[in-house]
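Novice: Take this structure first; my questions come after.
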Amino acid sequence: MESTRSTFQSQSMPLIVHLARMGRRAADASAEPGDLRHRQLIALTVLNDHGPLSQQALGELLGLDPSNLVGLLNDLEERGLTIRRRDPADRRRHIVELSPDGKAALQAGQLGLAAVEDKILCALTPAERATLHELLVRAVGADRPVALGADHSEYTNNDQHPTLSPKCD
């Protein structure tokens, strides 16, 4: 029993999950009606970082199945935060891009998250926060380079879809 306990205590995943819950609760508590939800903020961040993407490529980058992606994009488009149009090269595909209102909403959402992050991570020094961010970007980037600030060097935006090449083998 003792070896299981000490092994569990040295694992980071339970702490990461707990911190994520704390962050989500704090973000939800500080949110005003009409503010961006988490998945909307992530989708707008991806579009901001990479520019217009095919709907399929965006879904792959977000890890969403097509039906969930359509619901997300419908919400964003209804609010005027994204523009979805047919691809002139292939009328079966849709291209999704960030609208000017989407860019403004993204900036406001990022400011709100920064305030939540300041509250949640107040026990860390600025250097520790920078190190934590760097480590999280590296960990997330190994699986999904586009995820919120990760290194984009292995992302290729071609006519088909992005190529995700994990760094860890």
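Novice: State the extension gain, in nm to one decimal, for the chain segment bounded by D87 and R21, taking 0.36 nm per residue of separation less the distance between their alpha-carbons.
Specialist: Contour length minus the Cα-Cα distance gives 19.9 nm.
Novice: Next question. Just grab the label-to-label distance for D65 and S30, each label 7 Å out from Cα along the Cβ direction, in nm (one decimal).
Specialist: Those two pseudo-labels are separated by 3.4 nm.
Novice: When Rg is the radius of gyration of the Cα atoms in segment 36-123 and Rh is its Kirkwood radius, what does Rg/Rh come to?
Specialist: Result: Rg/Rh = 1.04.
Novice: Same structure again: Report, to one decimal in Å, the Kirkwood hydrodynamic radius for segment 54-93 based on all distinct Cα pairs.
Specialist: Hydrodynamic radius (Kirkwood, Cα only) of segment 54-93 equals 10.7 Å.
Novice: Which distance in nm do the two modelled labels at N74 and A139 give, with both placed 7 Å along the Cα-to-Cβ direction?
Specialist: For the pair N74/A139, the computed spacing is 3.5 nm.
Novice: Please list, in chain and number order, the residues 5+ apart from T82 or on another chain whose amide H is under 5 Å from its amide H, with Hs placed from the backbone.
Specialist: Those lying under 5 Å, H to H, from T82 are E77, S99.
None of the figures in this text is laboratory data; all of them are computed from the coordinates on show. These numbers were taken from a predicted model, which means no experiment stands behind them. All Cβ positions, glycine included, derive from the backbone under ideal geometry; neighbour counts span all protein chains shown.
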